[in-house]
Every structure is written in structure tokens, then in C-alpha cells.
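The values are calculated or read from the model by the stated rules, or taken from the named source; none is laboratory data. These numbers come from a predicted model, not from an experiment. Neighbour counts run over all protein chains shown; Cβ positions are idealised from the backbone, glycine included.
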Amino acid sequence: MWRYVRGLAAPVLLSALLVFLLQSALLSRVQGEAAFDEAALREWVGESRVFRETLPGLVRDYLNLAGQENALPDQLVVQTQAIEQQLEALGNPTKMYQGQLPLFPTIYRLEVRFPSQPDLKQHSAAKQGDSESVSAALPPIVWESGMLRPQHSRQVRVLEYPLLGRGDDRALMRVEYQLHAYNRRQHEEQAATQRFRWVLGLTGAATALALFWIYLVQRRERERERARLQAQQQVAGAQRRLLEEELRRRETERLHEDTERKLLEQRLATQVAEQQALELKSQLYANVGIMAGSYAHNIKNLLVRPNDLLRRCLDADGLSGDQKHMLGEVRETLATVTERLHQILRTVRRDPSRAELAPVDLNALLRETERTWHDLAQEKWKLTLTFELAPEALMIAADLSHLQQAVENLVFNARDATFEMRSRLRDQARRGTHADTLPLSADLHAHVPTAVRQALIAAASWKGMVVLRSRREGERIVLEVQDNGVGMTDDVRRQCLETHFSTKRDNALYEGQNTGMGLGLSFVAAILRHHRATLEVEAAPMAGALFRIRFPVAEKHV
């Protein structure tokens, strides 16, 4: 017997817990119904309209009008009457049709109160010339139904809340109401039915739980006997599971080893790919060096004969002083060309990644560039080469030969852009693009050739312009190379720094210049990377291009 008593203790405690939870649920339901009734009443008061305006809107306008210094008393009276009419319209239906509105509460009193507000108090005192409170200046607005109230005060409910919303206490709404007996009786009947159902269900659940618990107790005794008989089988099963677990562990280790092997193979493949990329890059530099060496060697061979002829002319008799001076200048120029060939050869044969950095004055390098190319640009390239340099020295850490080659490549690129711009203008002139500007009465056969000739003259007189600027911006040195050439599209601008990319291969001769290899800008980008410099490109079609380079200031000059 004691065994079954212990078995029933657990379901009895569980039943008590269920009763407690049921009581809490019923209490929450009743509270929820009261909150629902109050929410419905608030919505009715706040959303009903009589003058195309809700009660909160009328009260808000009333408070704003009362807070104005120039508000007239008549205006306040009109606004007060509107609020009173709104309250009367809200309460009258429940008074007149009390027996016909069984689902709506009976309204005994509607009141809008205005607590004291500092700003309204000051305004009221200023208008009336005294220190009356806002409560005296803004009295409550009340509507009374006049109906008899029930004898028990508990039947009348009171709802009071901020009319203008949470956090706005300028106006408080107070509603005194009573739910109809029909509604209350209906709610009580529904609640009693619901409680009966819950109690009936709880009793059935408790009975079923007790029977089930007794069944579990009996079954537990049988299982204990069965467990002793199955002990050996369980031991055998445990040993089998241990063996299976060992096999799974070994399989997991094997899979882990395979994964590590695959990762190692991927790393090796990545290293091989990086090595191949480095080899291709080295081959590129080697090819550039071989090509430059071949050009320099050929040019030096071509200079042997002119140097020999100059020597003979200078050794001959009968030359005037001016002739000897001019021939001497020619010899000095040829010597400069030969030295420059050696410098270019040393530059392109050395890998940009092995740059020898030293303090270099960027302005001095640009002045040397101006002395070298200014006259040639003006006389042969037919463009204006302008230098706008900072007044102070701009020291950067750079490889002089590499940096000089990079600057000249940018100048040559700008020169080619102006050549292409001039060629396009000439092509447009030859196609007679300006012929459509002639008057309709003009003889086209007589005027078109003249218009084309004028367009050709305008295209030929177009002047290319390349500007090099230098300045200091904080801890950075800025170099800009700008031209008024043909410009670039967005696609070309994004790819212009890639190796072997060029837009000039189909028309590679501009004023006798061989272009189209696609190595100049990529070589410049490689040099700037190893100078810890950044390159920005701004360009638009037929609107020129701007290359902006930012160098870090040399450390000992920071």
C-alpha cells in the first residue's frame, strides 16, 4: 500500500500545480477583458468626429489658441463650445438609446481637465493682469448625462488617461461609465461555462494522470526484473559500441589526413602559380631591357658616323669661328644624347622592385625635364609644355633614374593624347562636319569646300597643352600631369595601367612616334608601387586627362 501512496504523490502535486496555473490564467483573462473594454472606450473617444475633427484635435487647437498672446476671449469661447458639442455628441447616443445599445456602456459623465502648465500660466496672468493659475484660466469642460446612477458605486467605472497621447499631460480625459447588465451577465455566464470546462478537463486529466502513474509504477517493477536479465546483453552492446566508436575515430583521422593533404597540395599549387607570375614579370622586365639595349646599341652605332664627320670638320682648316661654334654645339648635343642612352639603358635593365632610393628634389628633376623637352615640344610636337612648380624644395625618397623615366613616360603619354586629339579634329573637318551650319539658301557646291578648308585650318591651329604641377599637401608630395588631349572612357581608364593594354595599336603612328606597345603606364605603375606612391587617373572622352601622383615626404625632411 505504501508503495502506491508514494506513486500517487507525484500526480497529486502535479494536479495542484495545474490548478494554480489555471487560476492565474483565468485571472489574466479577466484583467485582459477589462483592458480590452478600456482600449475600445479610448478608441471611441479619440476617433469619433463631429466637426471633421476628433476630440484630441479640438483640444490641441484649444491649448494652442490659449497659449497665444494675441488670442481673443471670443475665440476661446468658440473653441470651448466646439469641445462641449463634441462631448455632447459622444454621450447623447448612449443616453437616448440606452435600451437599444446593449453592447455599448452607459456614459454618465465626460470631463476634459487641463492641469497647470507654466507657459499657459504666464500667458493667462499677462492677459488678465493677475496671477491666477491655469486651472482658473482653463476650467475643465464637462458633459453630464443627467441619468440616475446605480446604488452600488462599484458598478460605475472610471477611466482617466492623457487625451493627447502618452507623455503629454496638458489635457486629461475622464470617463465615468457602466457596462450594461446584459453584457455583464453574458460575460459571467461565459466565464462560468469556461471554468466548468476547465475544472472538468482538469479532473479528467488528473484521473488519467493518476492511472497512468500507477501503470508506470507497475511497469517499472517489471522492467527492473527484465533489466537484470538483460545486463549481459547490455555489456555486450557496450563493447560493440566501443569498437564502432574506435572505427569511426580512425575513419575521422583518415579523413582529416586527407583534408590536410589536399590543403597542402593547394598551397603548393598557389606557390607554383605565384612563382610563375614572378617569372612572367621578370621575363617582361628582361624583354624590356633587351629591347631597350637593342635600340640603344643601334642608336649608338648610328652616332659613330656623325661623330667621326664632326671630328673631321673640326680638324679641317678654313672654318670660320661661327662654324666651329655651331659644330661644337652639335658635338656636345651628340655627347648628351649618348649619355642619355646609357642612362635609359641602365634604367630599363634594372628591375623596378630593386630601386635604389635616395633623397631627391622633385622640383629639380622637373626642371631638368623642362630643359630637355621644352624646346622639342614647342618646335616639333606642336604643343605647349608648362611647369607650375612649388617655390620650396620637395624632397622625396626615390630612385632618380627610375623616377625620371616614369615622369617622361607620363609626358610622352600626354603628348600622344594631344596628337590623337589633333588627328580626330582633322578627320571631323575632312568629313565636312561643319557643313550643316550653312544657310539653306547657300550653294552647297560653292560653300562646302570653303567650310571644310576653314575647319581644317582650325584643326591645324589647335594647340596641344601639357602642364606639370608640383606641391606639398601635409605629409605628401603631389605631382600632376594634365593634358587637353583625347581623354579616356571609363573602361579605358580602369584598364590603362594593365600590362600590354593600349588603344593605339590600330593607329600607332602619331607625328612619327612609335606607340601601341602597352608598356609605358604599366612600367610607371610598377615604379610608383616601389616608391610607396599612389596614382589617381581622372579623364573623360574628348576632355583631356589628369594623372595625380602622391609621394611620401622623405623621412629626414619630414
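Answer yes or no: is there a residue in region 139-162 that is assigned to a loop (DSSP other than H, G, I, E, B), surrounded by 12 or more Cβ atoms within 10 Å (Cβ to Cβ), modelled with pLDDT under 80 and not aromatic (Phe, Trp, Tyr).
Looking for residues that are assigned to a loop (DSSP other than H, G, I, E, B), surrounded by 12 or more Cβ atoms within 10 Å (Cβ to Cβ), modelled with pLDDT under 80 and not aromatic (Phe, Trp, Tyr), one finds at least one in region 139-162, hence yes.
Just to be sure I understand, how many residues within region 453-471 are touching a strand residue (DSSP E or B) at 6+ places or on another chain (Cβ under 7 Å) and surrounded by fewer than 18 Cβ atoms within 10 Å (Cβ to Cβ)?
Count: 5.
Within region 220-239, identify whether any single residue is in contact with a helix residue (DSSP H, G or I) (Cβ under 6 Å, 6 or more places away or on another chain) and not hydroxyl-bearing (Ser, Thr, Tyr), and answer yes or no.
no
Mind listing whichever residues of region 40-70 are under 23 Å from LEU159 (Cα atoms) and among the acidic types (Asp, Glu)?
Once the filter is applied, which keeps residues that are under 23 Å from LEU159 (Cα atoms) and among the acidic types (Asp, Glu), region 40-70 yields GLU43, GLU47, GLU53.
Of everything in region 384-420, what is farther than 24 Å from ILE477 by Cα, buried (at least 21 other Cβ atoms within 10 Å of the Cβ) and not charged (D, E, K, R)? Give them in sequence order.
ALA417, THR418, PHE419 - these are the residues of region 384-420 that are farther than 24 Å from ILE477 by Cα, buried (at least 21 other Cβ atoms within 10 Å of the Cβ) and not charged (D, E, K, R).
On the given criteria, is ALA377 in contact with a strand residue (DSSP E or B) (Cβ under 8 Å, 6 or more places away or on another chain), under 17 Å from SER470 (Cα atoms) and of a type outside the set (Phe, Trp, Tyr)?
No; evaluated as a whole, the condition is false for this residue.
Need a quick list: helices (runs of 4 or more DSSP H) entirely within region 442-558 having at least 3 residues that are touching a helix residue (DSSP H, G or I) at 6+ places or on another chain (Cβ under 7 Å) and modelled with pLDDT of 85 or more.
520-530
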